[in-house]
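**Q** Mind looking over this structure? Questions follow.
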Amino acid sequence: MNYKSFDVNKVREDFPILSRKVNGNKIIYFDNAATSQTPIKVIDVISEYYKKYNANIHRGVHSLSQEATDAFENSRKTIKNHFNSKETCEIIFTSGATHGINIVSSGYSKILNENDELLVSEMEHHSNIVPWQMLCQLTGAKLKVIPMSIKGDLEMDEFEKLLTSKSKLVFLNHVSNAIGTINPIDYIIKKAHSIGAKVLIDGTQASPHIKTDLQKLDIDYYVTSAHKMCGPTGIGILYGKKSLLNKLPPYQGGGEMISDVTFEKTTYADLPHKFEAGTPNISGVIAFGTAINYMNNIGFDNIFNYEKELLNYAQDQIRKIEGVEIYGDSINKTPIVSFNIKGIHPYDIGSILDKMGIAVRTGHHCAQPIMDFYKIPGTVRASFSFYNTIEEIDLMIKGLKKAIMMLQ
Ligand SMILES: *Cc1c(COP(=O)(O)O)cnc(C)c1O
């Protein structure tokens, strides 16, 4: 695939926000790992829903409710096809990746005991650490950490040593949101399965860049959020193999998730409704499907190859700056560059770049263990998307040099 066949200027026209100004300058949005921007098609689908067929789903006999239900369930099929789950009912709508992880971790509170061990990687987002710590407190199970190297790769020898017959569950991100490493989940899943452990993959940072095949990778549980892949905030999915989700107790009780309710006893609905208590984010679900169609139209190969060019160019240019240190130098990376300039606090760099209309993130990126590993308080993180350009990276480099002059 030749990335030059990809017309970034045409793609940019799909994103209204990219033409606005910030502090008098045209916005340069390099905070895509925190949330992506939204194409006009997705924005329109949300407004169409409220203009034309806003109604509660599943229970109504009237036309609006049927239309809303059809659009909602069609979106589930789109998402099922994109991630290639075996069955549509294995796709559970959540408010986001965090919610999905909590559904699984709370379900395991009834399954684990103090003889069990859980394996987590050192490079996780807090949302894939804290729910499991809470689970360990409840059950007495032990949390073991797969260490990372200075380069930002997981230490696979250590992983294999930690994996024992006591390991019940391994959970890790496909891609690190703080340093961009793409983890070898294929290998990790095979190893974990060989001793009977299940694997939860946090795909939130991978799904905007890589098309993931749930069946091919034999993933047990998977979560992601729409707002990092051109969709709206407040919507995401939990995937689980049907046999596993059937065994997992429900997370919340309420409407929609029941089969029969009396004051003596309630029976639960079948998948996926068992985990979808209450009125869902209907327009969000519909818009998530639209976002996935939008990205597939551009093509994930095009996206990955073009973004790789952006990443390589940005890393080369940033490396030339005196006193710079880049964190995470894996050969397998999504377009994230996390760095510091010697003697300058990341926050100060972020503030000066913002004055120039350049949005980067500064801080620990909800991954404090990585910051502890590198013994730093935080980094400047520039994270790119397929609608960014080489010219924008040049402007950031110019801005960085100016910031350094002002701050040193
Ligand atoms: C953003 C992110 C999350 C959290 O996603 P929410 O949408 O806030 O629930 C979890 N893991 C990774 C790797 C992320 O990048």
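**Q** Which whole-Hz couplings ³J(HN,Hα) result when phi for each residue of the stretch 125-134 is put into the Karplus expression 6.51 cos²θ - 1.76 cosθ + 1.60, θ = phi - 60°, listed in order with x for Gly and Pro?
**A** The phi angles translate into 5, 3, 5, 10, 10, 4, x, 6, 5, 4 Hz.
**Q** Specify the inter-centroid distance of the stretch 201-268 and the stretch 123-163, based on alpha-carbon positions, in whole Å.
**A** The stretch 201-268 and the stretch 123-163 have Cα centres separated by 22 Å.
**Q** Taking the Cα atoms only, what angle lies between the long axis of helix 185-194 and the longest principal axis of the chain, rounded to 10 degrees?
**A** 40
**Q** Given charges of +1 on the Cβ of Lys and Arg and -1 on the Cβ of Asp and Glu, with all other atoms neutral, how large is the dipole of the chain about its Cα centre, in debye to the nearest 20?
**A** The calculation lands at about 340 debye.
**Q** When you count, for each residue, the other Cβ atoms within 10 Å and take the mean per peptide, how do 317-323, 80-86 rank with the highest first? Mind dumping the intermediate values first?
**A** Details: 317-323: 13.1, 80-86: 17.4.
So the order, starting with the most tightly packed, is 80-86, 317-323.
**Q** Sticking with this one: Can you tell which of Ile146, Phe30, Asn113 lies farthest toward the positive end of the dipole of the chain, using +1 and -1 charges on the Cβ of basic and acidic side chains (Lys, Arg; Asp, Glu)?
**A** Phe30
**Q** Any chance you could give the angle, 0 to 90 degrees and rounded to 10, that helix 40-52 forms with the longest Cα principal axis of the chain?
**A** For 40-52 against the chain, the angle is about 40 degrees.
**Q** Also: If the viscosity is 1.567 mPa s and the temperature 4 °C, what Stokes-Einstein diffusion coefficient in µm²/s follows for the stretch 327-389 when Rh is the Kirkwood radius over Cα pairs?
**A** It comes out at roughly 103 µm²/s.
**Q** Once the dipole of the stretch 44-296 is set up with Lys and Arg at +1 and Asp and Glu at -1 on Cβ about the Cα centre, which of Cys89, Val199, His227 lies farthest towards its positive end?
**A** Farthest towards the positive end: Cys89.
**Q** When N counts the residues of the chain, how does its alpha-carbon radius of gyration compare numerically with 2.2 N^0.38 Å, as a ratio?
**A** Working it through for the chain, the quotient is 1.02.
**Q** OK, next. With springs only between Cα atoms under 10 Å, which of Ser167, Ser19, Ser330 fluctuates most in a Gaussian network model of the chain?
**A** Ser19
**Q** If we count every other residue with Cβ under 10 angstrom of Asn84's Cβ, Lys/Arg +1 and Asp/Glu -1, where does the sum land?
**A** Neighbourhood net charge equals +3.
**Q** Once amide H atoms are built 1.01 Å from N in the peptide plane, which residues 5 or more positions from Lys198, or in another chain, come under 5 Å H to H?
**A** Result for Lys198 returns Leu169, Val170.
**Q** Could you work out which residue, out of Ser243, Ser105, Ser385, moves most in a Gaussian network model of the chain, that is, has the largest mean-square fluctuation with Cα springs under 10 Å?
**A** Per the Cα network of the chain with a 10 Å cutoff, Ser243 tops the list.
**Q** If you take the Cα Rg of the stretch 178-333 and divide it by 2.2 N^0.38 Å, with N the number of residues, what do you get?
**A** That works out to 1.33 for the stretch 178-333.
**Q** With θ taken as phi - 60° and the coefficients 6.51, -1.76 and 1.60, list the Karplus ³J(HN,Hα) couplings across the stretch 315-332 in order, rounded to whole Hz; mark glycine and proline as x.
**A** Whole-Hz 3J(HN,Hα) from phi for the stretch 315-332: 5, 4, 5, 5, 4, 6, 6, 5, x, 8, 10, 9, 9, x, 10, 5, 6, 9.
**Q** Let me ask something else about it. For the stretch 22-31, what does the Karplus curve 6.51 cos²θ - 1.76 cosθ + 1.60, with θ = phi - 60°, yield as ³J(HN,Hα) per residue in whole Hz, taken in order and with x for Gly and Pro?
**A** Karplus values, whole Hz, x for Gly and Pro: 10, 6, x, 10, 4, 5, 10, 9, 10, 10.
**Q** Around Phe386, which amide H atoms from residues at least 5 apart in sequence, or from another chain, sit under 5 Å from its own amide H, with H modelled in the peptide plane?
**A** Residues meeting the amide H criterion: none.
**Q** Which residues' amide hydrogens lie under 5 Å from the amide hydrogen of Gly152, considering only partners 5 or more residues apart or on another chain, with H built in the peptide plane?
**A** Residues meeting the criterion, in which the H sits 1.01 Å from N, are Asp329.
**Q** Just to confirm a number: summing +1 for Lys and Arg and -1 for Asp and Glu over residues other than Leu112 whose beta-carbon lies under 12 angstrom from that of Leu112, what do you get?
**A** Local net charge: +2.
Bear in mind these aren't lab numbers, they're just calculated from the coordinates by the rules spelled out. Small disclaimer: the values here were computed from a predicted structure and weren't measured. Positions of Cβ are generated from backbone atoms using ideal geometry, with glycine treated the same way; all protein chains shown enter the neighbour counts.
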